[in-house]
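Okay, so here's the structure we're looking at.
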Amino acid sequence: PKASLTINPNFAIGAVDRRLFGSFVEHLGRAVYDGIYEPGHPTADEEGFRGDVLELVRELGVSTIRYPGGNFVSGFKWEDSVGPREQRPTRLDLAWHSTETNEVGLHEFASWLRKAESELMLAVNLGTRGVEEALDLLEYTNVPSGSTLSDQRVANGQVEPLAVKMWCLGNEMDGPWQLGHRNADDYGKLASMTAKAMRQLDDGLELVVCGSSNRTMPTFGAWERTVLEHTYDDIDLISCHAYWAENNIDLGSFLAAGYDMDQMIEEVVATADSVKAARKSDKTINISFDEWNVWDINRYQEQDAVTGVGTWPKAPRLLEDSYTVVDAVVVGSLLISLLNHADRVSSASLAQLVNVIAPIMTEPGGAVWKQTTFFPFAVTSRLAGATALTSRLVSDTYETSAYGTVKIVDAAVTTDSEGTSVFLVNRSTTDASTVTLDIAALGDVSVVEAVSIFDDDIHAANTVSDPSRVSLRTITTADITNGTLTIELPPVSWTALRLA
Ligand code: AHR
């Protein structure tokens, strides 16, 4: 197969918001306990945070982290997670049938984030709670001092306000599995009231209203329209969530996950813009794609099956998916989709970060290792420039059972004053693809970095016993002649090129 693209620094899509490279830590399984936090681990610091995990989180290049859920947040009482540890209540987490000790709470997580060099994106509980509790939490986090809750924060050791800017108004409220799930009208009214109230307290917030839990939800589209009709003037962003897995579709369709993400983004944009037109508004609502990843629900069987009330474990091994080469290629292609929509996607969160459907895995008392998906995320976060460019991509196509005709090669291009980055995926399961890039408009550049993910065994994975089975490969086949770069992409591969 063949593909060609034309790179011109004047063909801008839009600015790349660094928040596209966000992630997500939920109180779920071993994400927090035995994940980021394990007092007693040889690398743990004075607060009990694992130094080896922090090092990899920084290497991953994560800009913002959504917290504390997820489904967990819809039953969460934030007050449980602050104040003296020995007085914090132990609660049952209905979302994941686990026991939450609240040993790690808001202050501890904020402290961990400073060490991780990342920013907090906080979700409020609109499942079992409402406007008042959201306001209380906002007062606690953002008011400098002089009120009961802000003074309580100061007394609890955090003198400076946490100054949280981005807030999610609940989580997946369209999902029947969600505590406090309600219809779009009821959620839209609650979200509107909550947003207005939060802005009355702090007018510097960026508020994310819940969109759909995935594109196949029966309410997808109608949910966004109704929720936005209620909240358009009150919020800034609408969320998208989506997960893909190889096991429920054929390989060719799985490799086209980025195409599916493109469709979801464009459909939500169209819906938001139609509400804008009907309201004659000059405000544009963009997307926070705040849960996305490969997640194969069947691949990791939970070890601690819940047997009844009173037996819910602490930090069980839940959703500990093991990622393959093809999963990494798909993750790379999903990042390509996000970059190609940089004009309308302002923020995104890889779900999740440690142990739970995560790029980083740990063993208690033992090793930390990188899953295959670590690599495309870390490289894209590091190499993505300030501006996304259209690539004028022309590619051979193939037929997928899930999405019809899809391009075999997909690409995203970014640029900044230091150079240009090109991200490529070859979705062919059998053949290499030859890609020619017209780079004449870039002037005299050379390839300063070229790395790929591919393998003869597309289902190879990194494991605790073989943590380095899969890693980045350096590519030396990119050739530049007379303003044209030619590169051969192996079957089922993801590649990043840096030109400077
Ligand atoms: O990321 C795991 C779960 O997936 C989240 O808790 C929920 O929001 C989604 O359904």
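The values are calculated or read from the model by the stated rules, or taken from the named source; none is laboratory data. Computed from a prediction, not measured in an experiment: that's the story for all the values here. Note that each Cβ is placed from the backbone with ideal geometry, even for glycine, and that neighbours are counted across all protein chains shown.
In segment 176-190, what residues are in contact (Cβ under 8 Å) with a residue 24 or more places away in the chain and within 16 Å of the ligand (Cβ to nearest atom)?
Matches in segment 176-190: Trp177, Gln178, Leu179, Gly180, His181, Tyr187.
Return the only residue of Met198, Met173 being within 16 Å of the ligand (Cβ to nearest atom), within 14 Å of Asn125 (Cα to Cα) and either modelled with pLDDT of 95 or more or among the hydrophobic types (A, V, I, L, M, F, W, C) (or both).
Step by step, each of Met198, Met173 is checked, and only Met173 is within 16 Å of the ligand (Cβ to nearest atom), within 14 Å of Asn125 (Cα to Cα) and either modelled with pLDDT of 95 or more or among the hydrophobic types (A, V, I, L, M, F, W, C) (or both).
Looking at the structure I just gave you, is Leu120 part of a helix (DSSP H, G or I), away from the ligand (no atom under 16 Å from the Cβ) and either free of Cβ contacts under 8 Å to residues at least 60 places away in the same chain or within 19 Å of the chain's Cα centre (by Cα) (or both)? Walk me through how you get there before you give the answer.
On the way: part of a helix (DSSP H, G or I): no; away from the ligand (no atom under 16 Å from the Cβ): yes; either free of Cβ contacts under 8 Å to residues at least 60 places away in the same chain or within 19 Å of the chain's Cα centre (by Cα) (or both): yes.
In short, no.
Does segment 216-235 hold any residues that are closer than 26 Å to Asp202 by Cβ and part of a loop (DSSP other than H, G, I, E, B), and which are they?
Tyr232, Asp233, Asp234, Ile235 - these are the residues of segment 216-235 that are closer than 26 Å to Asp202 by Cβ and part of a loop (DSSP other than H, G, I, E, B).
Kindly evaluate Gly204 against the criterion of being within 15 Å of the ligand (Cβ to nearest atom) and either modelled with pLDDT of 95 or more or surrounded by fewer than 21 Cβ atoms within 10 Å (Cβ to Cβ) (or both). Give the steps one after another, and end with the answer.
Values: within 15 Å of the ligand (Cβ to nearest atom): no; either modelled with pLDDT of 95 or more or surrounded by fewer than 21 Cβ atoms within 10 Å (Cβ to Cβ) (or both): yes.
Taking the combined requirement at face value, the residue does not satisfy it.
Is it the case that Trp244 is surrounded by 21 or more Cβ atoms within 10 Å (Cβ to Cβ), within 16 Å of the ligand (Cβ to nearest atom) and under 27 Å from Ile336 (Cβ atoms)?
Here the answer is yes, as Trp244 does meet what is asked.
For the subset of segment 1-32 comprising residues that are in contact with a Lys or Arg (Cβ under 7 Å, 6 or more places away or on another chain) and either in a strand (DSSP E or B) or at positive phi (or both), which member is modelled with the lowest pLDDT?
Applying the filter and picking the extreme gives Gly29.
Yes or no, residue by residue, for (1) in contact with a Ser or Thr (Cβ under 9 Å, 6 or more places away or on another chain); (2) more than 23 Å from Asp17 (Cα to Cα):
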{"site": "Arg215", "(1), (2)": "no, yes"}
{"site": "Trp223", "(1), (2)": "yes, yes"}
{"site": "Asp234", "(1), (2)": "yes, no"}
{"site": "Ser281", "(1), (2)": "no, yes"}
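Of the numbered conditions (1) out of contact with any helix residue (DSSP H, G or I) (no Cβ under 6 Å at 6 or more places or on another chain); (2) outside any loop (DSSP other than H, G, I, E, B); (3) assigned by TED's automatic domain parsing to the domain that holds Asp262; (4) under 22 Å from Leu5 (Cα atoms), Glu399 satisfies every one except a single condition; which is it?
In the conditions (1) out of contact with any helix residue (DSSP H, G or I) (no Cβ under 6 Å at 6 or more places or on another chain); (2) outside any loop (DSSP other than H, G, I, E, B); (3) assigned by TED's automatic domain parsing to the domain that holds Asp262; (4) under 22 Å from Leu5 (Cα atoms), Glu399 misses (3) alone.
If you check Val73, Val131, Val62, which single one turns out to be within 15 Å of the ligand (Cβ to nearest atom) and among the β-branched types (Val, Ile, Thr)?
Exactly one of Val73, Val131, Val62 is within 15 Å of the ligand (Cβ to nearest atom) and among the β-branched types (Val, Ile, Thr), namely Val73.
Does segment 412-431 contain any residue that is more than 29 Å from Asp321 (Cβ to Cβ), part of a loop (DSSP other than H, G, I, E, B) and of a type outside the set (Ser, Thr, Tyr)?
Yes: segment 412-431 contains one or more residues that are more than 29 Å from Asp321 (Cβ to Cβ), part of a loop (DSSP other than H, G, I, E, B) and of a type outside the set (Ser, Thr, Tyr).
What single numbered condition from (1) more than 13 Å from Val330 (Cα to Cα); (2) surrounded by fewer than 22 Cβ atoms within 10 Å (Cβ to Cβ) fails to hold for Glu224?
That leaves (2) as the condition not met.
Of these, Arg50, Arg18, which one is more than 14 Å from the ligand (Cβ to nearest atom), among the basic types (Lys, Arg), closer than 24 Å to Leu383 by Cβ and within 24 Å of the chain's Cα centre (by Cα)?
Answer to the check: Arg18.
If I filter segment 313-334 down to residues being within 14 Å of the ligand (Cβ to nearest atom) and under 18 Å from the mean Cα position of the chain (by Cα), which single residue comes out as nearest to Leu28 (Cα to Cα)?
Going through the qualifying residues, I end up with Leu319.
Do we have Thr486 as buried (at least 16 other Cβ atoms within 10 Å of the Cβ), assigned by TED's automatic domain parsing to the domain that holds Thr436 and at pLDDT 95 or above here?
Numbers: buried (at least 16 other Cβ atoms within 10 Å of the Cβ): no; assigned by TED's automatic domain parsing to the domain that holds Thr436: yes; at pLDDT 95 or above: yes.
When the stated conditions are applied, Thr486 does not pass them.
Taking the residues in segment 287-313 that are of a type outside the set (Val, Ile, Thr) and modelled with pLDDT of 95 or more as candidates, determine which candidate is farthest from Thr372 (Cα to Cα).
Restricting attention to segment 287-313, the residues satisfying the condition of being of a type outside the set (Val, Ile, Thr) are 288-293, 295-296, 298-305, 308, 310, 312-313.
Among the residues that remain, those that are also modelled with pLDDT of 95 or more are: 288-293, 295.
Details: Ser288: 25, Phe289: 21, Asp290: 21, Glu291: 19, Trp292: 16, Asn293: 13, Trp295: 13 Å.
Out of the qualifying residues, it is Ser288.
Whether any residue in segment 34-47 is surrounded by fewer than 23 Cβ atoms within 10 Å (Cβ to Cβ), more than 16 Å from the ligand (Cβ to nearest atom) and under 22 Å from the mean Cα position of the chain (by Cα) is what I want to check.
Yes, that holds for at least one residue.
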